[in-house]
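The next block holds one structure in the form of structure tokens; read it before the comments.
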Amino acid sequence: MPSLDINCRLACTPVQLSRCSHKKLMANLLSKSQKPSIFGADSLLECICSPPCYLTGGKIRIFMQKKNQLSGINFRIRKNASIGDSEAEYDASFLDVCYTDTGDLETLINFSNPHRIIVGRTGTGKSALIYKISQEENVIEIKPESLSLNYLSNSDMIPLLENAGIKLDIFYTLLWRHVFTVELLKKKFKLTNEDNTTNWINSFLSRLKAKDKTKERALSYLKDWGDKFWQETEYRIKEVTQKLEENINSDVGVTSEELNLVFKSGSIASEEKKYEVTRRVQKVINSIQIKELSDVLTFLSEEVFTDSQQKYYILIDKLDENWVEDILRFKLIRALIETIKTFRCISNVKIIIALRLDLIQSVFDKTRDGSFQEEKYQSLFLHLRWNKNGLVELLDKRIGQLVSEEYTSRSIKLKDLFPRTINKTEFIDYLLMRTFYRPRDAIAFVNECLKQSEGKGNVTVDAVRKAEIEYSAQRIDSLTFEWSNHYPALSKYLKIIERMNSKFKLQAITKDRIDSFALEFAIDGKNNSDPVVRAAYAYLNGEISPHNFIISLTMALYKIGIFGIKTDGFSNQIWSFLDTRPPTEGQIKPSSTVFVHPMVWSRLGIIIEN
């Protein structure tokens, strides 16, 4: 017989029925129901004891222990068992059957919805969304590395013009517009080789009449470039860049070598000469065929992509990887965002890209100019956010898939395989507290628990504790990599908070801890790319106070997610990964309280307070 907990409404403590000393109560209960299993969980029964037992209140509440869904199955966690890979590109087998839609997929495939730029931290599911959309019809996937954008970096002329301060924004926009226009036409008309491309030019374009100047310019552009539409995507960048270089050579009358002599540092060329060459080069750039391409977009909307039953997607992922040097990448992404906004005029075409949150912030910071208005782009952004219910659903589906692959078609969930509580905390809450509410973190934790439970029928509390040690170390490694462009010395200054309390006031960071870090890592840190190292250098040289250094450290660890902060006694505790507005430097005081994220407790030896 399953054990039953009984509890009258006025009773303070549940009592195990099997150990109840009041035999008459037990007898009456059992006589009322010979099969206790018919009671539903949390059932109410009349208390029929006479005289009333010490569990007074007139009614007793019955709690049935839930039968384990794995009972009767010879289930053992096999070696290398996993609920999927933390990276979407290697997780197709689980994504195909276990995808958890939080409503974002429906938003993106809705062509009337303005959201086109998926924004989120590493591991929030950006690539998973791109993968699911790629299964729709008429999809064009463009990989940044396939564009040969390094051709721009290696060009004799482009870096030279950049260094001379010549604005190339219009040229970068032209690149994207040209690439997207050609790829769409190539997909629509199956332009896969030179012959069928030539036939398309002769048949389709010849049937169209240039009804006005706009159409005339569009047709002229397509005829000028159309014979090369069948080429691979990387060809687009080269042909447009070479065209620009040729125009500069012919219209300005200088070669790359001559430009180099004019613009290079220490050049003997007069300022007047530099100004004149700069003006003429800028004029050439400003006159490139951006107008014709605008007309092409109108043409595509009105003459080509007119069937609302045929939707076309262009997808770009992995823009956060090092496919080209940083400053050029920032300018290209800024131009890409502008181009996505422009292509909204074609109602049956949707360009969707995925961008890491910190990357898009860097793009705006590094390319900001007088005309820039960030709010103009907000309607394009789809910010990925997860809550407890979504993550539980994701884990339940994956656990069910893991068990069903070899054992049963029953609906098995996370709670059937894992302990109910850890330290009096529900296991799912314990797990999620150690994540940034990202699928990648949750999957990694569960996978490590499975690894520690190989050959067993379920995951024990002891296995969870062992898994957390490795998980915590892995997550710190992951954060160090994720933030390496912004905080390359992160692993070094994490030592400052080792073996501190899980909650402490900033004044608890002693001068000795700061000195130890600064003397070891910041003596030559004046021009270091890490702002915390630069702050430590300034502290060593008496330029800032210890508290000002602590502010720099706190802002960095807050942004990464390792610190939550409560600036004063009247404010709430805030965390960056919950999309709350960050505190200002002026709000961070010695009396401010910081909370170390449970994800890193184990690895940093954090002392846990109740």
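Taken together, the values in this text are just the output of simple stated rules run on the coordinates, not laboratory data. Everything quoted here is computed from the prediction, not taken from an experiment. FYI the Cβ positions are ideal-geometry reconstructions off the backbone, even for glycines, and counts take in every protein chain you see.
List Met555, Met599 from most exposed to least, where exposure is judged by having the fewest other Cβ atoms within 10 Å.
Met555, Met599
With +1 on the Cβ of every Lys and Arg and -1 on the Cβ of every Asp and Glu, and nothing else charged, how large is the dipole of the range 288-417 about its Cα centre, in debye rounded to the nearest 20?
Using only the charged Cβ atoms, the result is roughly 460 debye.
Taking the range 133-178, how much of its Cα-Cα pair set, in percent, is spaced more than 12 angstrom apart?
When all Cα pairs of the range 133-178 are counted, 72 percent exceed 12 Å.
Given the convex hull over the Cα atoms of the range 232-316, what projected area results after averaging over all orientations, in nm²?
So the Cα hull casts an average projection of 8.3 nm².
Rounded, prolate or oblate for the range 104-383? Axes are the square roots of the Cα gyration tensor eigenvalues, ordered a ≥ b ≥ c, and the cut-off for rounded is a/c under 1.5.
Oblate.
For the range 549-610 and the range 342-378, what is the separation of their C-alpha centers, rounded to whole Å?
Their Cα centres are 30 Å away from one another.
What residue among Ile118, Ala128, Ser301 has its Cα farthest toward the positive end of the dipole of the range 104-383, where the charges are +1 on Lys, Arg and -1 on Asp, Glu, each on the Cβ?
Result: Ser301, furthest along the dipole toward the positive end.
Gain in length, Asn501 to Asp169, computed as 0.36 nm per residue apart minus the alpha-carbon separation, to one decimal in nm?
Extra length from Asn501 to Asp169 when fully extended: 114.6 nm.
Roughly how big is the range 489-610's charge dipole about its Cα centre, with Cβ charges of +1 (Lys, Arg) and -1 (Asp, Glu), in debye to the nearest 20?
It works out to roughly 180 debye.
Which of Lys243/Lys291; Lys243/Lys350; Lys388/Lys505; Lys388/Lys466 have a Cα-Cα distance over 22 Å?
From Lys243/Lys291; Lys243/Lys350; Lys388/Lys505; Lys388/Lys466, over 22 Å: Lys243/Lys350; Lys388/Lys505; Lys388/Lys466.
Treat each spin label as a single point 7 Å out from the Cα along the C-beta direction, and report the Ser379 to Asn247 distance in nm.
Placing both labels 7 Å beyond Cα along the Cβ direction yields 3.0 nm.
With just the Cα atoms of the range 490-604, tell me how far they stretch along each of the three principal axes, in Å, largest first.
Result for the range 490-604: principal-axis Cα extents of 37, 31, 24 Å.
Say the dipole of the range 490-604 comes from +1 at the beta carbon of Lys and Arg and -1 at that of Asp and Glu; which of Leu490, Met555, Ser592 then lies farthest toward its positive end?
With unit charges placed on the Cβ atoms, the residue in question is Ser592.
Rounded, prolate or oblate: which one fits the range 383-440, using the alpha carbon gyration tensor with axes a ≥ b ≥ c (rounded when a/c is under 1.5, else prolate when a/b beats b/c, else oblate)?
It comes out oblate by the Cα gyration axes.
Is there a quick way to get the dipole size of the range 388-479? I mean about its Cα centre, with the Cβ of Lys and Arg at +1 and of Asp and Glu at -1; what is the value in debye to the nearest 20?
My answer is approximately 220 debye.
Within the set Lys143/Lys238; Lys223/Lys331; Lys413/Lys456; Lys503/Lys559; Lys238/Lys331, which residue pairs have Cα atoms separated by over 23 Å?
Lys223/Lys331
Mind checking which of Leu506, Ala442, Ser411 is farthest towards the positive end of the range 388-514's charge dipole, using Cβ charges of +1 (Lys, Arg) and -1 (Asp, Glu) about the Cα centre?
Leu506
What residues of the range 435-476 lie in the reach of a label at Leu578, counting those whose backbone N is under 12 Å from a point 7 Å from the Cα along Cα→Cβ?
Flagged as within label range: 437.
Under a point spin-label approximation (7 Å from Cα along Cα-to-Cβ), what is the Lys291-Phe481 distance to one decimal in nm?
Distance between label points: 5.0 nm.
What's the center-to-center distance, using Cα atoms, between the range 463-504 and the range 178-201 in Å?
So the two Cα centres are separated by 50 Å.
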